[in-house]
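Scroll down for the structure; my scribbles are underneath it.
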Amino acid sequence: MALAAKIPQPQPRRLTILGSTGSVGCNTIDLIERNPNRYEIVALTANRNALALAEQARRLRPSLAVVADPDAYGALKEALEGSGIEVAAGPQAVIDAASRPTDWVMAAIVGSAGLESTLAGVRQGAVIGLANKETLVCAGDIFMAEIESRGATLIPADSEHSAIYQVLDQRQADRIERIILTASGGPFRAFSRDQMAAVTPQQAVAHPNWDMGAKISVDSATMMNKGLEVIEAHHLFPVTAEQIEIVIHPQSIIHSMVEYVDGSVLAQLGTPDMRTPIAYALGWPERIEAPSARLDFQSLGALTFEAPDFERFPALRLAREALDAGGAAPAYLNAGNEIAVGGFLDRKIPFLAIPEIVETCLESAPGAALESIEDVRNADTEARRLATARLGALAAG
Ligand SMILES: NC(=O)c1ccc[n+]([C@@H]2O[C@H](COP(=O)([O-])OP(=O)(O)OC[C@H]3O[C@@H](n4cnc5c(N)ncnc54)[C@H](OP(=O)(O)O)[C@@H]3O)[C@@H](O)[C@H]2O)c1
């Protein structure tokens, strides 16, 4: 079983948050501030939002605050002048921050940019709260092997995978029949392809149930998010790709389910608030309090379910194909998607061009297995080049 258990850690737990200024990062900090005696902060990192990072650092008093973008260094340094908090900048500085001795790391950078720093946390044998699903999509085999060999512990923070982790009986892994990932269906669940052709970034980021960063919100709208989650689940849990099913559940109350060979289905439920799965990862192996609204079953009304539509949401098919193809395909899928989503958010291409760009990338993905992080980085770079070229052609009309 890939998800190794580890001996409970002494209090207070030392924490590092990679991507502290993002949606998951801010939710993590909200929980930390509600449980102040439990935690001691080692490092906080962001990309370029120096002022938000400095403000968090002054409240949480880490020993180090880092921006990945060197251009943001001056602003961070000035904002933390006289605070006694060390500051640094650049992608390597983020990796170095994740390498500082700590007990627990929240991996909440968006995209494959979070790969090396998340791995640095793994390499020091820390407990990793994993939100950054792109890491597992690009480099799942390498990442899980590192977890095993370094004695690190991976606790999923993605709500679906947290749900599965909570109801999956690790002692009976061979008694699992299937994993059922629930999906809200996103803001365009009931849209025709014609309607999707005209949607704006503003409509795409307005998720009906969850408040998230821009990239994952667009991924939810194309349903690529669920495709990435299928690949993530395949690496995290002892099931084949065929044993992972998707069901549309528009209310986002059931966060996912595990079915066993006796027909029992175990589910984890809760209101759609990321602070519940993050609290599970943050407190593990204990549960800590989270302020998420409680379910009121008497006023909940109906919980409904639908089959996913692979025609209207081709990203679901593409992710399955990438998982089946293996080799560099998942890394190409991810990189192509990151470029395409960026192009859509920048209003260079229409919504429906996103899966088109991803498909172009996938067609060129080499079949050989990625053996090292360098292989993953090269695949990522090449796929970005292909996707950028296709995006340029589409943008030029
Ligand atoms: N949001 C959710 O509810 C949710 C749920 C499940 C899973 N996830 C996953 O969690 C991850 C984070 O999502 P999010 O919604 O929190 O994203 P987000 O709001 O966009 O935040 C991303 C964070 O990463 C930092 N960052 C961006 N690019 C970076 C780079 N090149 N190098 C270093 N840091 C960088 C950002 O810094 P700046 O602020 O300076 O830009 C920010 O702190 C994603 O993988 C997502 O799929 C999110």
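The values are calculated or read from the model by the stated rules, or taken from the named source; none is laboratory data. Computed from a predicted model, the values in this text were never measured in an experiment. No Cβ is skipped: glycine too gets one built from the backbone with ideal geometry, and neighbour counts run over all protein chains shown.
Whether any residue in segment 109-117 is within 12 Å of the ligand (Cβ to nearest atom) and touching a Phe, Trp or Tyr at 6+ places or on another chain (Cβ under 9 Å) is what I want to check. Yes, segment 109-117 contains at least one residue that is within 12 Å of the ligand (Cβ to nearest atom) and touching a Phe, Trp or Tyr at 6+ places or on another chain (Cβ under 9 Å). Note on segment 32-70: among residues that are within 19 Å of Ser99 (Cα to Cα) and of a type in the set (S, T, N, Q), the one that is surrounded by the most Cβ atoms within 10 Å (Cβ to Cβ) is Thr45. Looking at segment 257-294, which of the residues that are hydrophobic (A, V, I, L, M, F, W, C), in contact (Cβ under 8 Å) with a residue 60 or more places away in the chain and part of a loop (DSSP other than H, G, I, E, B) is surrounded by the most Cβ atoms within 10 Å (Cβ to Cβ)? Checked segment 257-294; the qualifying residue surrounded by the most Cβ atoms within 10 Å (Cβ to Cβ) is Met274. For the criterion of being within 16 Å of the ligand (Cβ to nearest atom), on the phi > 0 side of the Ramachandran plot and modelled with pLDDT of 95 or more, Ser292 fails. Scan segment 134-144 and tell me whether some residue there is under 19 Å from Ala46 (Cβ atoms), of a type in the set (A, V, I, L, M) and near the ligand (Cβ under 10 Å from one of its atoms). Looking for residues that are under 19 Å from Ala46 (Cβ atoms), of a type in the set (A, V, I, L, M) and near the ligand (Cβ under 10 Å from one of its atoms), one finds none in segment 134-144, hence no. Out of all the residues in segment 336-345, is one or more of a type in the set (Val, Ile, Thr) and under 16 Å from Asp219 (Cβ atoms)? Yes - at least one qualifying residue is present in segment 336-345. Evaluated against (1) farther than 27 Å from Ala335 by Cβ; (2) away from the ligand (no atom under 15 Å from the Cβ), Leu31 falls short on exactly one condition, (2).
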